[in-house]
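Chemist: I am attaching a structure below and will ask some questions about it afterwards.
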Amino acid sequence: MANIVLVGAQWGDEGKGKIIDILTEKADFVVRFQGGSNAGHTVRVGDREFVLHLIPSGILHSKKTCIIGNGVVIDPESLLKEVDTLTSRGIQIDGNLFVSEAANIVLVYHRLLDTLREQFKGEGKIGTTGRGISPTYMDKVGYMGIRAVDLLSEDVLRTKLEINLREKNAYFTKIYNQPPLDLEELLEQYLDYGRRLKKFIANTELIINRAIKEGKRILFEGAQGTLLDVNFGSYPYVTASSTTAGGACIGSGIGPTKIDKVMGVVKAYSTRVGSGPFPTEFAPEDDFVDRKKDREYGATTGRPRRCGWFDAVIVRHAVRVNGLDKIALTKLDILDTAPKIKICTAYKYNNTIIEDFPNDSKLFDNCEPVYEEMDGWLQHIRKTKRFEDLPAATKAYVKRLEELIETPVSIISVGSRRSQTIFLEDLD
Ligand code: IMP
C-alpha cells in the first residue's frame, strides 16, 4: 500500500472507522485532513470499543504516527478529553500524535454561534452537530481565525481575541440577545489549552512531506462523506469542509502527485443525519433497519440516522469527484433480512430521467428515485470469509453495484469486527 486517501462516498457514517483501522495496519502515518469533532469514528479492537472524534484511529496501533492536519478545525476541549480518555485506557499518545500549528481552533463563541444560527434558520436549519464547525471555517476564510500556534503566544492570542470579540459580542448582544463574552476569561481558558497542547503542536506539512520522501506509507483518513462536501455535496445541507479526496492535499500540505490511490467507503444502503433531501429514504413499510442493533445512531450526537436504499446516482458522483479507484462496501450484512432489495439507478424529475447528480437543489429536493429490484438472500453472511462463499443473491447484488458505479469493490465488511471482512484483492 502506497499513499492512499480514504473518503466516505455517501453522507458520512459509511463505516469508515473499521476500514481505516484495517488500512492503518499497512500504513506508517495516518493523517486527518478536514472536519472537526463533528466526526465520530467507532472502532472495535478485540472486545474494546473506542469512539474517536479528532484523533486518527491509528493511535490505537502502537508505532503509527498520527497527524491532525491544517485543514481540521480543532476544539481543544474535545481534543484534550480524547487525549485523557485514551491515556487512561493505556494508549500511548506522546510522540505518536502531532497537531498542525496552522489548524484553526474552535472557540466557545463558534459553538454558540452554531446553535444560535441554527435557531434563527427555523425550518431551513441544517441540523448541524452543534460543534461550531461552520462558524470556525467562516472565520478561517474571513481572515479572523485563531490557529493552534496562536494558543502558544499570549500577546498574539490577546490581539486576535480582541478583534474577534469586538465582532462576536456585537452579534451576541445586538442580534441574538445574549450576554457578551469576557476577553480575560477566554484568554486564560485558551492559553491553558495551549499549555496542555504544546507538546503536540508542530509543522505537520514538514513532517508529512519528510515521511513521504523517506518512503513511508501515508493513509489520509477522510471524515464525513462526499455528499456533505462544501463544493460537491447536497448544498446547503453539507458541512463546511472539503470532504472529498482533493481535501487531503489542502488539508495536509501535500501535492496531488503524492497520492497513489483513492478508496471510497460505501454502505450497502444509504443513511444520513441532519436535514436535507434524501431521495431514497425508506417509506416506513420498507424500513428494516433496527437503529439500535444495526448501530445506526450518530456517534457524535446520538441522533437516529435516516435510512434508505442504495443510491447509485450519488455514488457515481462520488466516484467522479474523488477519482475513486476502489470501493470498500460496508454493512452488507444489514441487508440479510430484506426479502427484496431496491437500488436507485437514476432520478425522475418533470418526466425527465436524470442519471447524474444535480447541483440544482430544487431538482434534488423534488426528484423521485427510479428503482430496480433484486432478490434478498435471507440468510446470515456475518461468518463468511470469502466472496465465493457468499449466497448467489449477495454476489449478484455486489456485482450489480459495481456495474452501476463503474468501480470495483475490493473490501466487503459483514460485521463490526476486523475478522468480519472479505478481501477481494491483496491490499499491498
Ligand atoms: P456540521 O458539520 O456540524 O456543521 O453539520 C452539517 C451537516 O453535516 C449536518 O447535516 C450534520 O448532521 C452533518 N454531519 C456532520 N458531521 C457528520 C458526520 O460525521 N457524519 C454524518 N453527518 C455529519
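The values are calculated or read from the model by the stated rules, or taken from the named source; none is laboratory data. Quantities reported herein were computed from a predicted structural model and do not represent experimental measurements. Neighbour counts are summed over all protein chains in view; Cβ atoms, including those assigned to glycine, are modelled from backbone coordinates with ideal geometry. Please note that ligands, DNA and RNA were not included when accessible areas were found on the heavy atoms of the full protein model with its side chains. Shrake-Rupley method; radii C 1.70, N 1.55, O 1.52, S 1.80 Å.
Chemist: Condition test on residue 171, is it open to solvent by 40 Å² or more (accessible area, probe 1.4 Å), away from the ligand (no atom under 16 Å from the Cβ) and touching a residue at least 24 places away in the same chain (Cβ under 8 Å)?
Modeler: Here the answer is yes, as residue 171 does meet what is asked.
Chemist: Is it the case, given these coordinates, that residue 270 is within 15 Å of the ligand (Cβ to nearest atom), surrounded by fewer than 24 Cβ atoms within 10 Å (Cβ to Cβ) and hydroxyl-bearing (Ser, Thr, Tyr)?
Modeler: In short, no.
Chemist: Inside the range 367-397, can you point out the residues that are of a type in the set (Asp, Glu) and out of contact with any Lys or Arg (no Cβ under 6 Å at 6 or more places or on another chain)?
Modeler: Residues satisfying the conditions are 372, 375, 388, 389.
Chemist: Can you name the residue in the range 24-59 that is away from the ligand (no atom under 16 Å from the Cβ), under 13 Å from residue 219 (Cβ atoms) and in a loop (DSSP other than H, G, I, E, B) and, of all such residues, is least open to solvent (accessible area, probe 1.4 Å)?
Modeler: Looking at the filtered set, the residue picked out is 27.
Chemist: For the range 110-120, check the following and say yes or no: at least one residue is among the polar types (S, T, N, Q), in contact (Cβ under 8 Å) with a residue 12 or more places away in the chain and under 19 Å from residue 243 (Cβ atoms).
Modeler: No, the range 110-120 has no match at all.
Chemist: While we're looking at this one, here's another question. List the number of the failed condition for residue 212; all other conditions in (1) within 16 Å of the ligand (Cβ to nearest atom); (2) buried (at least 16 other Cβ atoms within 10 Å of the Cβ) hold.
Modeler: Among (1) within 16 Å of the ligand (Cβ to nearest atom); (2) buried (at least 16 other Cβ atoms within 10 Å of the Cβ), residue 212 violates only (1).
Chemist: Among residues belonging to the range 281-316 that are touching an Asp or Glu at 6+ places or on another chain (Cβ under 8 Å), assigned to a loop (DSSP other than H, G, I, E, B) and aliphatic (A, V, I, L, M), point out the one that is most open to solvent (accessible area, probe 1.4 Å).
Modeler: Among those residues, the one meeting the criterion is 299.
Chemist: Then there is this: Against the definition (away from the ligand (no atom under 15 Å from the Cβ), among the acidic types (Asp, Glu), more than 25 Å from residue 143 (Cβ to Cβ) and within 17 Å of the chain's Cα centre (by Cα)), how does residue 21 come out, yes or no?
Modeler: yes
Chemist: Look through 427, 401 and report the one residue that is in contact with a Phe, Trp or Tyr (Cβ under 7 Å, 6 or more places away or on another chain) and either surrounded by 17 or more Cβ atoms within 10 Å (Cβ to Cβ) or farther than 27 Å from residue 371 by Cβ (or both).
Modeler: Going through 427, 401 in turn, just one is in contact with a Phe, Trp or Tyr (Cβ under 7 Å, 6 or more places away or on another chain) and either surrounded by 17 or more Cβ atoms within 10 Å (Cβ to Cβ) or farther than 27 Å from residue 371 by Cβ (or both): 401.
Residue by residue, here is whether (1) buried (at least 24 other Cβ atoms within 10 Å of the Cβ); (2) at pLDDT 95 or above; (3) under 16 Å from residue 314 (Cβ atoms) holds:
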{"position": "217", "(1), (2), (3)": "no, yes, no"}
{"position": "220", "(1), (2), (3)": "yes, yes, no"}
{"position": "225", "(1), (2), (3)": "yes, yes, yes"}
{"position": "233", "(1), (2), (3)": "yes, yes, yes"}
{"position": "243", "(1), (2), (3)": "yes, yes, yes"}
{"position": "247", "(1), (2), (3)": "yes, yes, no"}
{"position": "250", "(1), (2), (3)": "no, yes, no"}
{"position": "253", "(1), (2), (3)": "no, yes, no"}
{"position": "256", "(1), (2), (3)": "no, yes, no"}
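Chemist: Residue 297: at pLDDT 95 or above, within 23 Å of residue 382 (Cβ to Cβ) and within 16 Å of the ligand (Cβ to nearest atom), yes or no?
Modeler: Against the criterion (at pLDDT 95 or above, within 23 Å of residue 382 (Cβ to Cβ) and within 16 Å of the ligand (Cβ to nearest atom)), residue 297 does not qualify.
Chemist: Further question: What tally of residues in the range 85-140 results from selecting those that are farther than 24 Å from residue 205 by Cβ, assigned to a helix (DSSP H, G or I), open to solvent by 20 Å² or more (accessible area, probe 1.4 Å) and within 11 Å of the ligand (Cβ to nearest atom)?
Modeler: 5
Chemist: Would you call residue 82 open to solvent by 10 Å² or more (accessible area, probe 1.4 Å), within 11 Å of the ligand (Cβ to nearest atom), among the acidic types (Asp, Glu) and not in a strand (DSSP E or B)?
Modeler: Against the criterion (open to solvent by 10 Å² or more (accessible area, probe 1.4 Å), within 11 Å of the ligand (Cβ to nearest atom), among the acidic types (Asp, Glu) and not in a strand (DSSP E or B)), residue 82 does not qualify.
Residue-wise test of (1) under 30 Å from residue 116 (Cα atoms); (2) in contact (Cβ under 8 Å) with a residue 12 or more places away in the chain.
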| position | (1), (2) |
| --- | --- |
| 179 | yes, no |
| 183 | yes, yes |
| 186 | yes, yes |
| 200 | no, yes |
| 203 | no, yes |
| 207 | no, yes |
| 223 | yes, yes |
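Chemist: Can you pull out every residue in the range 324-341 that is part of a strand (DSSP E or B) and either open to solvent by less than 10 Å² (accessible area, probe 1.4 Å) or over 15 Å from residue 387 (Cβ atoms) (or both)?
Modeler: Those that are part of a strand (DSSP E or B) and either open to solvent by less than 10 Å² (accessible area, probe 1.4 Å) or over 15 Å from residue 387 (Cβ atoms) (or both): 327, 328, 329, 330, 340, 341.
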